[in-house]
Amino acid sequence: MSAFVHMLRCADGSYYVGSARGESLDRRLAEHQAGTHAGYTYHRRPVTLVYAEWFDRIVDAVAAERRIKGWSRAKKEALIAEDWDRVQFLAKRPAARARSSNPTTSS
């Protein structure tokens, strides 16, 4: 059974990152929208799917979820925008970022 990691933009502008098993993201998104589970998104609805990635194994989706949850807001937004140069730049330590040029979004 496949699994996925997903990121939602909440009504308050925050991001929620989660993972789940399944073949389709539709059911999980419907649960978030309906407030089925009293969790982070319950009082932050409606939510919008901004990123999803599928995996063959749930352990890989959970690992990606944990990794992304630790990212800064800027790095999450670079991932959403598929700005891989910026994701890579933001992955550097602050001192290394200061020494290199800051990549900009599309010119």
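The values are calculated or read from the model by the stated rules, or taken from the named source; none is laboratory data. None of these values were measured; they are calculated from a predicted model. In this analysis, Cβ positions are derived from the backbone assuming ideal geometry, glycine residues included, and neighbour counts consider all displayed protein chains.
What the table below lists for this structure:
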{"quantity": "Subset tally (residues that are on the phi < 0 side of the Ramachandran plot and surrounded by fewer than 16 Cβ atoms within 10 Å (Cβ to Cβ)) for segment 2-18", "calculated": "4"}
{"quantity": "Considering residues of segment 19-38 that are acidic (Asp, Glu) and free of Cβ contacts under 8 Å to residues at least 12 places away in the same chain only, the residue nearest to Val50 (Cα to Cα)", "calculated": "Asp26"}
{"quantity": "Selection from segment 53-107 of residues that are within 19 Å of Tyr16 (Cα to Cα) and among the charged types (D, E, K, R)", "calculated": "Glu53, Asp60, Glu65, Arg66, Arg67, Lys69, Arg73, Lys75, Lys76, Glu77, Glu82"}
{"quantity": "Tally of residues being of a type in the set (Gly, Ala, Ser), surrounded by 12 or more Cβ atoms within 10 Å (Cβ to Cβ) and either in a helix (DSSP H, G or I) or at pLDDT 95 or above (or both) across segment 19-30", "calculated": "1"}
{"quantity": "Helices (runs of 4 or more DSSP H) contained entirely in segment 31-107, each with at least 2 residues that are under 19 Å from Tyr15 (Cβ atoms)", "calculated": "58-69, 73-80, 84-91"}
{"quantity": "Where a residue in segment 93-107 is under 19 Å from Gly70 (Cβ atoms) and its partner, wherever it lies, is surrounded by 10 or more Cβ atoms within 10 Å (Cβ to Cβ) and at pLDDT 70 or above, with Cβ under 9 Å and at least six apart", "calculated": "Arg97/Phe89; Arg97/Leu90"}
{"quantity": "Only one of Asp60, Asp83 that is farther than 24 Å from Ala3 by Cβ, surrounded by 12 or more Cβ atoms within 10 Å (Cβ to Cβ) and modelled with pLDDT of 95 or more", "calculated": "Asp83"}
